[in-house]
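Q: Dumping the structure here so I can ask a few things about it.
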């Protein structure tokens, strides 16, 4: 069964991230690379995407004639998606384990970051929808 | 290549799916190295796709495929010999005494042995499914990856870990004894059922591709039934 692991942050987190030292950034990136390789080797990796800075984010709705109407987002009050992983595992517990590993990715000074990771099951069959 | 694409080219694709498990049985039995035998048969199948498409299917395709797979296996052992001397000696021993192993086979079809091995309870369901489709179903890693909507590298790792598990657990390449067989048959049927369900209940992916999974499960179940020594 597939799960998506969503990494979210408040807009302030991005500002903070931009102030990380080079060593801290490097440690974090190396952790992520190692972690992604582990997912590959374990045969559970499906997809990963990191998203661009939230300042570029737009809310889009369809206008009267279906044309895109864009609105700025409100960074102060909202959480943003930073990126996600899709994994294919056999149990929810396995997904939680993997999420906990990401959550512990090193932050400033190499301390585990303890980022909240939202774990959601990906629908895969009619059975999941109850029909 | 997606399953559905292969279905549109029945002569060689279907033939190979039928032949590959038999040939794998012969090579695995002869060299007592399932992991390498599986790779050798895959390589031979790729060679067959290319050559048969150009020159037509040979008169005895099974013999052709067996011979090429055995040659690939020998090449593999030679090339590994410097690095893995000990393993070469083991394989060499098996190769030196192939007659008994081959002669023990004629009454029974090795495909059934393969099915029992691929669906061994030591494997997790996902690993067993992947290995069954590849080794007993004769599907390529890319096809299996497409069917389960995961990257090919992920599926390749899953299959390779499944083979590793089999290697480490020392599961012998032989039919389980009569007592064990009923229990083991249940795990075979469970894996086939899961494959069928994956095709039957899926709402993601193209319909054709998923329906092919159900078809494959039915084909393998029919085969398992046909190969039962006693009526099941």
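Read the figures in this text as sums done on the coordinates, not as results from a lab. If you're wondering where the values come from, they're calculated on a predicted model, not measured in any experiment. Heads up, the Cβs are rebuilt from the backbone with ideal geometry, glycines too, and the neighbour counts pull from every protein chain shown.
Q: Across the residues of B:152-158, average count of Cβ atoms on other protein chains within 10 Å?
A: On the way: counts 0, 4, 11, 2, 2, 7, 4.
Across the residues of B:152-158, the mean count of other-chain Cβ atoms within 10 Å is 4.
Q: Hey, rough spin-label estimate for residue A:29 and residue A:51, points 7 angstrom out along Cα→Cβ, what's it come to in nanometres?
A: With each label placed 7 Å out from Cα toward Cβ, I get 2.2 nm.
Q: Here's a follow-up. Rounded to a whole number, what is D in µm²/s for the stretch B:106-177 from Stokes-Einstein with the Kirkwood radius over alpha-carbon pairs (37 °C, 0.692 mPa s)? Walk me through the numbers before you get to the answer.
A: Working: Rh = 12.5 Å.
The calculation lands on 263 µm²/s.
Q: Something else about it: Kirkwood hydrodynamic radius, computed over distinct alpha-carbon pairs, for chain A: how many Å, to one decimal?
A: 16.7
Q: Separate question: Just order A:88-98, B:22-32 by mean Cβ neighbour count inside 10 Å, highest at the front, would you?
A: B:22-32, A:88-98
Q: Would you mind getting me the FRET efficiency between residue B:219 and residue A:123? Use the beta-carbon distance for r and R0 = 22 Å, nearest 0.05. Intermediate results must be reported in sequence, preceding the final value.
A: On the way: r = 28 Å, r/R0 = 1.28.
The formula returns an efficiency of 0.20 here.
Q: Once the piece of chain linking residue A:65 and residue A:115 is laid out straight, how much longer is it, given 0.36 nm per residue of separation minus the C-alpha distance between them?
A: Net length gain for the segment: 13.9 nm.
Q: What ranking, highest mean first, results for peptides B:48-54, B:189-195 when packing means the other Cβ atoms within 10 Å averaged over each residue?
A: Those peptides, ordered most packed to least, come out B:189-195, B:48-54.
Q: Bins of 5 Å, beginning at zero and ending with the bin holding the largest distance: percent of Cα pairs per bin for the stretch A:38-111, please.
A: 3, 11, 15, 16, 15, 14, 11, 8, 5, 2, 0
Q: Okay, moving on. At a threshold of 8 angstrom on Cα-Cα distance, excluding pairs fewer than six apart, so keeping six or more, what relative contact order does chain A reach in percent?
A: For chain A, the relative contact order is 44 percent.
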